[in-house]
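Input: a single structure, listed below in structure tokens.
FYI, it's all coordinate maths here, none of it is from the lab. These figures come from a predicted structure and were not determined experimentally. Positions of Cβ are backbone-derived with ideal geometry, glycine not excepted, and every protein chain shown enters the neighbour counts.
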């Protein structure tokens with residue numbers, strides 16, 4: 001899939017720049033492009049393509065686990081089971097008790113993944129935008145604030161998982177501050193929030209950083225003109241900042257969503273395996289492979305893959321359409337803005353009006 | 001932010017690549033493990049004669065004694081040297097690396113440190129060779145440890161280290177109120193009532209074991225299977241689980257203990273916050289430290305575990321040495337196993353690591369007794385210990401037990417209902 005999108009984009013690119021018809025390589029331009037792209041394509045095929053195909057194949061098989069009653073030995077090998085690994089998620093053979101009542105372990109993990117993602121991404125976006133606004137302001141000590149906000153992002157997730165494990169320990173800092181004994185790590189409703197807090201703490205900075213980059217592309221004249229027109233700070237934020245930073249923000253939110261859907265290290269490292277209230281799909285898949293059930297594990301991984309793909313598709317279709325529409329316009333306006341001062345604010349406000 | 005501009009294509013490409021990587025990352029494990037590796041059907045006799053260099057795969061050696069033992073072996077064994085291959089601390093990761101290296105047929109991986117709970121899985125899947133009885137006599141070894149390395153009447157690993165749970169108790173407090181060491185939970189409760197009433201110390205709790213949701217809960221909580229058949233929905237088991245649940249509710253066990261593994265419990269006992277504590281023998285050395293890290297130094301002793309109505313049983317821990325199926329030089333491996341299980345090596349291992357030896361004679365060895373005065377109690381604990389279920393799908397079994405016990409201890413499910421569910425689950429897992 002990645003290969004398919006990569007080729008057409010690059011091949012015409014070389015074709016466009018080509019003018020000298022009588023070059024010895026002229027007819028071979030396409031071939032040259034292929035040769036130059038080959039290493040990349042081969043690497044993508046090896047590290048992504050082949051494993052994915054193998055996973056798909058694997059998801060149609062099940063390892064034999066039957067035990068010979070006389071010798072106690074396992075027959076071994078694999079049996080083709082068709083789509084049974086996929087259909088079995090509807091059979092409810094493995095009920096567990098989680099945040100959402102008793103249900104199949106797969107659906108419990110699925111709902112956990114979904115809800116953790118929704119809650120985390122919303123909080124991260126709010127905090128991240130706030131951080132970006134602070135970081136964009138010119139004030140004394142801005143460098144320290146910027147660096148400080150980025151520290152959590154720089155810490156490897158598994159390290160922050162262990163750090164938060166200490167904080168959320170029954171006699172840890174969190175309980176000391178709250179003055180109560182909350183069992184954050186004991187597979188309770190609090191465990192869910194422990195994950196949300198730790199993830200938000202770590203990755204709000206990512207959204208902040210990308211949003212900051214977006215903020216810096218907004219020309220100052222726009223704000224100046226708004227002030228002249230008597231716009232309040234809130235109006236400036238809602239009508240200028242948000243619409244103009246939206247293309248960047250959508251991409252940041254998309255990346256965070258895709259990332260959070262795959263969340264593994266935080267629940268696994270902080271709360272532990274087999275705690276159903278925080279078991280995400282990735283953790284569940286990992287647990288299945290450690291039990292040598294590669295077939296079902298591959299099937300669940302593929303479902304997660306399709307889920308992530310669907311979410312990405314929805315983002316690109318619903319919000320991404322705006323990305324193209326918006327991002328094309330301000331680019332032109334920005335250039336024009338140098339010449340005619342009154343241009344940008346008018347269009348920006350128009351756009352905001354149109355979007356709402 | 002230039003990458004936003006070419007917009008859609010990049011976004012789709014990035015999104016789908018990102019999604020692809022998920023599947024690749026998750027599927028990678030599946031694909032790698034795809035190679036059918038049964039081997040169970042090939043009873044072809046293994047060649048136990050070839051000499052050559054081998055690797056000993058084991059968890060992290062914190063004592064520093066293992067390299068010394070290996071050096072000693074290599075000195076006396078010129079035609080095949082052993083190299084130490086250290087694995088992560090986590091038992092699950094050790095198990096996984098061993099399985100993966102069996103699947104890729106690593107010829108160097110020869111001697112495996114097999115945890116007792118993996119015996120059935122490793123044997124049934126043919127990850128380790130059955131050991132020829134004529135080469136591996138088990139005289140003088142504890143019956144429980146031999147049993148822990150046996151699967152379908154064949155020895156699959158050579159007994160090496162054993163382990164059993166002990167009850168650590170505050171001798172000073174029991175003496176102060178002239179109480180006997182309890183042998184049942186009821187006696188323990190009565191003792192605690194007296195002590196906590198007299199001490200008036202809100203930090204002092206009665207008892208704790210390991211109740212976090214991990215493999216250790218299998219050891220600490222419920223007793224399973226007598227004749228290999230799952231048998232957990234019994235009145236005794238229900239009463240046992242009910243007692244622990246009640247103790248949690250009534251505060252005899254501190255609430256936080258639901259998040260404890262061995263180390264958290266050890267710290268609480270060392271800080272003088274527990275009157276009674278169930279743990280493994282390694283705690284003894286820590287609690288007896290005189291450098292100020294232990295507040296109970298000189299004030300505690302050990303006893304066999306209490307039971308519900310009669311003296312309790314521990315679950316059996318320990319690790320044995322197996323020979324990997326795809327090892328090239330099994331002759332050297334055989335020699336190394338014999339060397340490691342010799343009285344001399346086991347003694348040095350015991351003295352350095354505080355692990356219980358598999359040889360019965362060492363439990364009355366003067367040096368061992370001098371260093372570890374609790375040894376007779378430990379021997380008693382091991383001799384009466386229950387082996388954990390011998391399940392090929394041990395991972396599923398332990399998770400099922402954890403589910404049931406953890407839910408009940410937190411008061412989310414009633415103990416009898418939890419055990420009923422567990423019984424149903426185990427019947428499909430252990431056949």
(message) Averaged across A:176-187, how many Cβ atoms of other chains sit within 10 Å of each residue's Cβ atom?
(response) 3
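Compute the convex hull volume of the Cα atoms of region A:102-355, divide it by the residue count, and report the result per residue in Å³ as a whole number.
Numbers: hull volume 39.5 nm³, N = 254.
Enclosed volume per residue, from the Cα hull, is 155 Å³.
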(message) Regarding region A:81-207, what's the average projected area of the Cα-atom convex hull, expressed in nm²?
(response) 10.8 nm²
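How large is the translational diffusion coefficient of region A:193-296 in µm² per second when you combine the Kirkwood radius over alpha carbon pairs with Stokes-Einstein at 37 °C and 0.692 mPa s?
Details: Rh = 16.7 Å.
For these conditions, the coefficient is 197 µm²/s.
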(request) Given the options B:270, B:96, B:410, state which has the largest fluctuation in a GNM of chain B using a 10 Å cut-off (strictly under) for Cα springs. (result) B:96
(request) With viscosity set to 1.002 mPa s and temperature to 20 °C, compute the Stokes-Einstein D of region A:128-196, Rh being the Kirkwood radius across alpha carbon pairs; µm²/s, no decimals. (result) 152 µm²/s
(request) Largest first and to the nearest Å, give the Cα extent of region B:344-427 along each principal axis. (result) 49, 28, 20
(request) Select from B:59, B:318, B:209 the residue whose mean-square fluctuation is largest in a Gaussian network model of chain B (Cα-Cα springs shorter than 10 Å). (result) B:59
(message) Quick check on the exposure proxy: order A:118, B:253 from fewest to most C-beta atoms within 10 angstrom.
(response) A:118, B:253
(request) Over the alpha-carbon set of region B:105-199, work out the extent along each principal axis and list the three values in angstrom, largest first. (result) 63, 29, 22
(request) Sum -39500 (n - 2.57) across every DSSP H segment of at least 4 residues in chain B, then divide by the residue count to get the 222 nm mean residue ellipticity, nearest 500. (result) -13000 deg cm²/dmol
(request) Pick out which of B:148, B:293, B:358 has the largest mean-square fluctuation in a Gaussian network model of chain B, springs linking Cα atoms closer than 10 Å. (result) B:293
(message) Let me test this: with uniform point scatterers at the alpha carbons of chain B, what is the Debye-based log₁₀ I(q)/I(0) at q = 0.11 1/Å?
(response) -0.90
